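I have placed the structure first, in the form of structure tokens, so that the comments after it can refer back to it.
What follows draws every value from the coordinates through simple rules; no lab data is involved. This is a predicted model, so every value here is computed, not measured. Neighbour counts run over all protein chains shown; Cβ positions are idealised from the backbone, glycine included.
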Amino acid sequence: MSQTDLEIVVDDPTAPEDDSPSVVSTGTIEIVVCLLLLALAITLGYDNWRTGASWDSTGPEPGYFPFYLSVILGGGSLYGLIAALLAHRAASATFVTRAQARRVMAVFVPTLLFCLAMQFLGLYVASFLLIAGFMRLVGKIALWKSLLTAFLFTAIMFVTFDIAFDVIMPKGPLEAALGR
Amino acid sequence: MEALGLLLHGFAVLLTWKTLVLMMVGLVLGIFVGVLPGLGGPNGVAILLPLTFTMDPTSAIVMLSCIYWGALFGGAITSILFNIPGEAWSVATTFDGYPMAQQGRAAEALTAAFTSSFIGSLVAVLLITFLAPMISSFALKFGPPEFFAVYLLTFCSFVGLGREARHKTVISMSLGLLLAGVGMDTVSGQLRMTFGSSELLRGINFLVAVIGLFGISEILLTMEERLALRGHAASISLRVVLGVWKDLPKYWVTLFRSSFIGCWLGITPGGAIAASFMGYNLAKRFSKDPESFGKGRIEGVFAPETAAHASGTSALLPMLALGIPGSGTAAILLGGLMVWGLNPGPLLFVEHKDFVWGLIASMYLGNVVGLVLVLTTVPVFASILRVPFAAVAPMIVVSCAIGAYAIQNAMFDIWLMLGFGVVGYVFKKIGIPLAPFTLALVLGNRAEDAFRLSMIGSGGDLKVFWSNGLVGSITTLAIVLLFWPLIDGLLARVGWTQRAKPAAG
């Protein structure tokens, strides 16, 4: 019963450094997001106004409810924009540091590639590639471990969804060659 | 005592091998989800929802709700052993749980956490058993104006009582309501906001959005942090369990207080996170020696865990009785109900008695089975954390993709999921809350229908929302809550002047 009975230790070799410089401040992102939301509110508001945002003989037209919501969204983002612009003059918190951005991209880019690969190779092959590649390249885990884990996980998913529960996933040339 | 008879019938429905096995599977998956960083209750339920598409609704809801209980149990494991809260609502558990583990009392802390979770849920389930049928039979008298008023109340209380900047809550909510309206208009059949895209014709699926918002974005957020961890291993012996249970009666005030807070905050949209902190703080304030909190006091584990679970469970009460979810996870379960062709709301208690009482019975059984399961298998689950995140992250991505695709068999949904992942990541970082968005997205169409039906009924007169005592008081309450911060400020000012006068005189 000592204080040193730590039994589970996991290290993170590629952890982001704490002193990494800031890429962009939270205030800037807030301004960008508010501008985007404002643009969205105007687009949707216009579309709903075109559909009809007033009353006809049967009651409110289809665009009525969403039109006023677009107005609320627009108002909210305009308020947010002004608030962010005013606060921007003061020192602003870091949205993301360079090291963090690198790590986030290390997940986001493979995920994007995975979604692309899925269109052509089917879900299972793409999953195998994603897991094996990610473990090997980002996690620096031994190649055989990465390949084995990826294979086992993909196989379990295939058995669970395709065979046991009949949930059909997109498939590619490999499944076709195997006759499934 | 009609409820009791129906509940017994519910148990009879559940006690088959098939359901019990599903229950165990759900619990194990749920604990898994709760322990892993980057996955939590809402996304776990959302990702695993496709598994249940081919089941009958009762088995499906039993499995899903067990995933939810499992996630609630699992959050405590990492908080105590690793000082890493697996869920936001277990942050308060780390205050005293981790110091206890450092003192070699990990087993005791874990037993305390699981037991109090169980007690919290039990109190909330008892409340649901007796209150939900009453509320729903009352709500059967509701017409469209009453329903719209209740929806309005839900939305307004989020804006008025939320802790985030108010304009951010408004943005999040109006965006959710807008996106819910994309696609075919349910009343007139006209297309809205599709911009000629055939993919948008189907509308934006709620579950796809949730998987992106919570699953994908959580992975991105988790990667930003240092993922190294060191923790204590623990196995729980029967002697420790009995020892903690023997002391339970001493803490009945804490347990009772936390259960009450949890139930209250669960029904109103305050949520488990607020409940756990409030439970902890109140236990500390009412304690004889508040100094000893934070240094490994068992009450510091009892208080937040009881409150978090009572709140997490009672969030299902408004969902069952009125069709309005009290939490993000409840919102996803509600999405599930619609997928299985059930219409949530008061009619559920009349039209699908088997389903409702099966669900309520599964809350009792799931919690008992869950308690036994976590107490016996803690070492196994703690060692899951040995698996490096580089292996877990891509697996979660794959699970998210499977979940998103399976809902409508549409490749477009994969891209939508990815988009919502980015949106969720950015929103979380700039403090736009996601819970109002989720709620708005799932309730959007129903709220709009209720509004339009009441408008058609009244010929476009907004006075219909004050046409009788019931709907009038709900609407007024909603507006009071919306402007609560202003009213609160005014009241404080009046109070201040009243107190200042005698001082001046």
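See the values below:
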| read-out | value |
| --- | --- |
| Where the Cα pairs of the range B:224-364 fall when distances are cut into 10 Å bins, in % | 11, 29, 28, 22, 9, 0 |
| Inter-chain Cβ neighbour average for residues B:397-405, partner chain, 10 Å | 6 |
| Shape category assigned to the protein assembly as shown from the gyration tensor of Cα positions, a/c cut at 1.5 | rounded |
| Of every Cα-Cα pair in the range B:126-275, the percent that sits beyond 22 Å | 70 percent |
| Rh (Kirkwood; distinct C-alpha pairs) - chain A, Å | 21.7 Å |
| Estimated D of chain B in µm² per second, where Rh is the Kirkwood radius over Cα pairs and Stokes-Einstein applies at 37 °C, 0.692 mPa s | 140 µm²/s |
| Two-decimal Rg/Rh across the range A:64-123, once Rg and the Kirkwood Rh are taken from alpha-carbon atoms | 1.24 |
| Karplus-derived 3J(HN,Hα), 6.51/-1.76/1.60, for each residue of the range B:386-397, Hz, glycine and proline x | 5, 5, x, 5, 4, 8, 6, 4, x, 5, 5, 4 |
| DSSP-assigned coil residues among trypsin sites (Lys or Arg not before Pro) in the range B:156-260, each with at most 15 further Cβ atoms within 10 Å | B:R163, B:R226 |
| Evaluated over the range B:207-300, the Cα radius of gyration and Dmax, each in Å | 18.2, 49 |
| Two-decimal Rg to Rh for the range B:299-445 - Kirkwood Rh, Cα set | 1.00 |
| Amide H within-cut-off set for A:T94, under 5 Å, with H built and near neighbours excluded | A:T26 |
| Cβ charges +1 (Lys, Arg) and -1 (Asp, Glu), total dipole of chain B, debye | 1140 debye |
| Candidate lysines - alpha carbon under 28 Å from B:K284, same-chain residues fewer than 8 apart omitted | B:K246, B:K250, B:K295 |
| 10 Å Cβ neighbours from other chains, averaged over peptide A:72-81 | 5 |
| Phi-based couplings in Hz for the range B:305-310 (Karplus 6.51, -1.76, 1.60; Gly and Pro marked x) | 5, 4, 5, 4, 6, 4 |
| Exercise: per-residue mean of other protein chain Cβ atoms within 10 Å, B:184-193 | 5 |
| The range B:387-505 shape via C-alpha gyration tensor axes, a/c threshold 1.5 | oblate |
| Amide H contacts under 5 Å for B:T194, placed H, 5+ residues apart | B:G183 |
| Computed magnitude of the charge dipole of the protein assembly as shown (debye, nearest 20; Cβ of K, R +1, Cβ of D, E -1) | 1040 debye |
